[in-house]
Amino acid sequence: MHPFVLALIGGGLVGLAAVMMMGLKGRIAGVSGILSGAFTDSSGERLWRILFVLGIAIGGAIPELISDSFVPPAPDTSTLLVIIGGLTVGLGTGLGSGCTSGHGICGISRLSPRSMVATCTFMAAGFICVFLLKHVFGG
């Protein structure tokens, strides 16, 4: 299956999950908050959080299961840099009070000014990092 079709299906499923989360739970589908709550929440909300995160992992495996030609992308950089990037993103989600799913998908669709600013900040930081890594530092 063509990668564009897989991306289109994935995007549609992310949107559907966000709508279902708001409709069924009355909550925003912000993955960073859901993930942190899976570790810290002591109420009866831990199970759905764990299942949501497992669904993301299983969903990521679906393209490989349904397409013979799908090759998962591999980072073209060191493992250490990937780990540092992941930790930096985690720090940013804490500072920004949410992640790209909470702000970029759910917040913008609700016309939240705070989410629009946060998403523009995420994107600008991403553009700057790619430019620096690819064009300035020659990665």
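The values are calculated or read from the model by the stated rules, or taken from the named source; none is laboratory data. Here the structure is a predicted model, which is why all the values come from computation and not from measurement. Here Cβ is always computed from backbone atoms with ideal geometry, including for glycine, and neighbour counts include all displayed protein chains.
Yes or no: GLY11 among the small types (Gly, Ala, Ser), out of contact with any Pro (no Cβ under 9 Å at 6 or more places or on another chain) and in contact (Cβ under 8 Å) with a residue 12 or more places away in the chain?
no
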*If you check VAL71 against the conditions, is it within 26 Å of VAL19 (Cβ to Cβ), free of Cβ contacts under 8 Å to residues at least 60 places away in the same chain and of a type in the set (A, V, I, L, M, F, W, C)?*
no
*Residues satisfying the stated conditions in the range 11-29, i.e. among the small types (Gly, Ala, Ser) and more than 16 Å from the chain's Cα centre (by Cα)*: GLY23, GLY26
*Quick one: how many residues across the range 84-137 are within 21 Å of ILE34 (Cβ to Cβ), in contact with a Gly (Cβ under 6 Å, 6 or more places away or on another chain) and assigned to a helix (DSSP H, G or I)?*
5
*Taking ILE84 and the conditions (1) more than 30 Å from MET20 (Cβ to Cβ); (2) at pLDDT below 85; (3) surrounded by 11 or more Cβ atoms within 10 Å (Cβ to Cβ), which numbered condition does it fall short on, given that it satisfies the others?*
(2)
*State whether one or more residues within the range 36-53 are over 25 Å from GLY12 (Cα atoms), of a type in the set (A, V, I, L, M, F, W, C) and modelled with pLDDT of 85 or more.*
yes
*Look at LEU81 and say whether it is in the same structural domain as GLY138 (by TED's automatic domain parsing), in a loop (DSSP other than H, G, I, E, B) and not polar (S, T, N, Q).*
no
*Would you call SER97 in the same structural domain as GLY12 (by TED's automatic domain parsing) and either of a type in the set (S, T, N, Q) or modelled with pLDDT of 85 or more (or both)?*
no
